[in-house]
Amino acid sequence: MTEQRTIMFAGSPLNRLSWLRNSHSFLNSIIASPKSRWLLFKSGNPLTTKTEGKSILAYLSTKDVSPFIGQAPHFGQGRESGLLTSEEQISATEAVRHRGSPIVFLGLHENTSSGSGALPSSEFVDADKAVAKLEGVPYFAMDISDLELEEPAIQATLNETEVVKAGTSLAWLDARSVMTNADLFDGAIFAEARSMFCPGCGAKQHSLWGGWKLGCSTLMPWVDNAGRKPCPSGKGLHNFTHPRSDPVVIMLAVDETGEKILLGQNNRFKGQFYSALAGFIEPGETFEDAVKREMWEEAGVKAWDVQYHSGQPWPFPASLMCGFYARADSTQPVRTDLDNELSDARWFTRQEVMSVLTHATGSYLDLAKLAEASAQLNKDANEPPFRVPPTTAIAGVLIKDWAEGKVQFPTFSVNSPKGNL
């Protein structure tokens with residue numbers, strides 16, 4: 001349908017080195033590298049700094065965050081202290097971190113100009129020597145909220161970082177607000193804190209595989225599980241212990257002429273802010289069926305000819321946005337009284353949408369000030385008639401690609417046969 005593109009939160013620039021996540025020797029070596037950089041969160045909000053008046057993600061060194069990550073070893077931790085003993089090294093303890101806050105190894109931003117690239121696992125007999133050969137910057141992330149530190153203690157640690165000593169301030173900001181200024185690189189390595197409790201049995205979880213897998217504490221070989229049923233996450237193939245990713249369909253309905261699209265105004269965002277319709281995929285439902293169901297539930301519109309456009313990881317908190325276009329009949333009435341998620345839904349012409357996209361603030365979005373900004377629309381002659389999402393969100397990409405004619409839709413007769421709902 002359209003040329004493949006990289007949009008915000010997608011197209012990770014990192015080599016995740018997934019084959020080495022279960023190696024505590026590798027992880028302990030690479031975490032100590034002076035090249036390593038850290039993205040810190042507090043209750044899901046990232047640590048930020050400012051450049052040219054804009055708040056951006058702050059990256060700290062391992063030395064900077066050492067008071068937060070605790071004493072080594074950071075992975076492959078034994079029962080009391082030190083590394084796992086040979087008896088403790090089982091599948092449930094691979095690169096385990098059960099002391100301290102979970103740490104996520106995001107991956108390596110490689111410098112492959114010399115052609116060496118990341119090394120295979122066979123070359124990690126001596127992890128320290130192998131890590132020394134890696135070209136690039138390792139990235140880690142952690143959320144410090146579980147450390148239960150008082151704010152003065154947190155600030156004291158931040159004041160000792162290289163960034164602050166160089167004269168730059170650090171601050172915890174709302175993740176959504178920061179992401180409005182993020183570039184593709186920052187967006188792609190953005191990570192959120194993970195759940196601390198096992199979905200299989202409700203017990204506390206610990207980090208495995210450099211943060212990419214969560215293990216149930218009841219599976220540790222030294223835990224007394226007398227009187228407790230075995231956690232189902234200990235056997236078989238399942239998704240209990242992997243970070244969740246919730247699929248969402250987000251779509252634009254294009255009318256019979258190809259010159260109008262249907263946009264909705266969510267109840268949460270009062271004022272003249274319109275976007276694509278969206279909803280979570282339900283169990284046993286295909287993407288196409290979810291598009292049709294959501295279009296009907298939210299706007300009373302029957303859609304057909306569903307076509308995939310692109311996807312976007314959306315870490316608020318853990319969604320995978322799957323973008324689609326569909327066809328619909330704009331001569332039929334629109335209704336928002338079925339699931340009452342929208343306060344309004346209407347068809348917009350290409351000319352109306354382009355007038356907003358070409359306006360200086362037509363696709364500017366600051367969630368913290370959205371209601372205030374929306375209240376000013378139509379009161380100021382310089383304001384756009386309504387606003388749409390920026391292209392850092394897939395909704396903005398869908399709208400812009402249609403408006404600029406990057407995707408084409410043939411006309412059809414309103415009397416032609418249409419697919420079932």
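The values are calculated or read from the model by the stated rules, or taken from the named source; none is laboratory data. Keep in mind that what you see is a predicted model, and the values were worked out from it rather than measured. Neighbour counts run over all protein chains shown; Cβ positions are idealised from the backbone, glycine included. Surface areas here come from the heavy atoms of the whole protein model, side chains and all, with no ligands, DNA or RNA. Shrake-Rupley method; radii C 1.70, N 1.55, O 1.52, S 1.80 Å.
Within the stretch 156-167, being in contact (Cβ under 8 Å) with a residue 60 or more places away in the chain and among the β-branched types (Val, Ile, Thr) holds for 157, 161, 163. With (1) in contact (Cβ under 8 Å) with a residue 40 or more places away in the chain; (2) surrounded by fewer than 17 Cβ atoms within 10 Å (Cβ to Cβ); (3) of a type outside the set (Lys, Arg); (4) part of a helix (DSSP H, G or I) as the list, and residue 153 as the residue in question, which single condition is left unmet? Status for residue 153: all satisfied but (1). State all residues of the stretch 161-185 that are open to solvent by 20 Å² or more (accessible area, probe 1.4 Å), touching a Leu at 6+ places or on another chain (Cβ under 9 Å) and either closer than 21 Å to residue 24 by Cα or modelled with pLDDT of 80 or more (or both); if no residue qualifies, say none. If the condition is that a residue be open to solvent by 20 Å² or more (accessible area, probe 1.4 Å), touching a Leu at 6+ places or on another chain (Cβ under 9 Å) and either closer than 21 Å to residue 24 by Cα or modelled with pLDDT of 80 or more (or both), then 162, 163, 164, 170, 171, 172, 173, 174, 177 are the ones that fit. Exactly one residue among 33, 23, 66, 43 is polar (S, T, N, Q) and without any contact (Cβ under 8 Å) to a residue 40 or more places away in the chain, and that residue is 66. Among the criteria (1) at pLDDT 95 or above; (2) part of a strand (DSSP E or B), the one residue 258 does not fulfil is (2). Pairing residues of the stretch 170-184 that are part of a loop (DSSP other than H, G, I, E, B) with residues that are open to solvent by 40 Å² or more (accessible area, probe 1.4 Å) and of a type in the set (D, E, K, R), at Cβ distances under 6 Å and at least 6 apart in sequence or on separate chains, gives 181/54. Across the stretch 260-296, the qualifying residues are those that are closer than 17 Å to residue 249 by Cα and among the charged types (D, E, K, R), and the one among them that is least open to solvent (accessible area, probe 1.4 Å) is 294. Filtered by the rule that a residue be part of a loop (DSSP other than H, G, I, E, B) and open to solvent by 60 Å² or more (accessible area, probe 1.4 Å), the stretch 304-348 gives 317, 331, 332, 333, 335, 337, 338, 340, 341.
When the residues of the stretch 132-146 are filtered to those that are open to solvent by 20 Å² or more (accessible area, probe 1.4 Å) and in contact (Cβ under 8 Å) with a residue 60 or more places away in the chain, the one that is nearest to the chain's Cα centre (by Cα) is 139.
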